[in-house]
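Shown next, in structure tokens, is the structure this report addresses.
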Amino acid sequence: MANVTKQDFIDRVASKSDLSKRDASKAVEAFLETVTEALRRGDQITFTGFGKFSTANRAARMGVNPRNPGEKVHIPASTVPKFSAGSSLKQAVKSGAAAAGGGGGGY
């Protein structure tokens, strides 16, 4: 399993779309900025079959200090980004994992 960096991703986009690496970089940056701005406003972005980017509100709660397990700490409420995979993406990953021998537990 490889870790794909942002530059690796840009290179792959350039290759698949016949864009220069400079134009692919601009496109990837624009995509990331657009998603970030939409989530900051509280919007959700849906790509049918691929997935949905949204935000979730996490309630305030009590946690445990990992350095001192006996100490309770207050964790404030926050808004966090969330991604829910769509059916086509799930199926592609599932069939790709099975083809690579990574089958295992099913959903």
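Residues checked against (1) at pLDDT below 95; (2) surrounded by 12 or more Cβ atoms within 10 Å (Cβ to Cβ); (3) in contact with a His (Cβ under 6 Å, 6 or more places away or on another chain); (4) assigned to a helix (DSSP H, G or I):
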residue	(1), (2), (3), (4)
ALA2	yes, no, no, no
GLN7	no, no, no, yes
VAL35	no, yes, no, yes
LEU39	no, yes, no, yes
ASP43	no, yes, no, no
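Go through segment 13-41 and give me each residue that's of a type in the set (D, E, K, R) and closer than 29 Å to ALA56 by Cα. Answer for segment 13-41, where residues must be of a type in the set (D, E, K, R) and closer than 29 Å to ALA56 by Cα: LYS26, GLU29, GLU33, GLU37, ARG40, ARG41.
In this structure, does LYS82 turn out to be under 19 Å from PHE31 (Cα atoms), outside the structural domain of THR34 (by TED's automatic domain parsing) and either out of contact with any helix residue (DSSP H, G or I) (no Cβ under 8 Å at 6 or more places or on another chain) or not hydrophobic (A, V, I, L, M, F, W, C) (or both)? In short, yes. None of THR79, THR55 is surrounded by 12 or more Cβ atoms within 10 Å (Cβ to Cβ), in contact with a Lys or Arg (Cβ under 7 Å, 6 or more places away or on another chain) and either in a strand (DSSP E or B) or modelled with pLDDT under 95 (or both) except THR55. Within this structure, GLY70 fails the test of being of a type outside the set (Lys, Arg), at pLDDT below 95, over 30 Å from ARG41 (Cα atoms) and outside the structural domain of THR48 (by TED's automatic domain parsing).
The values are calculated or read from the model by the stated rules, or taken from the named source; none is laboratory data. Model, not experiment: these values are computed from the prediction. Positions of Cβ are generated from backbone atoms using ideal geometry, with glycine treated the same way; all protein chains shown enter the neighbour counts.
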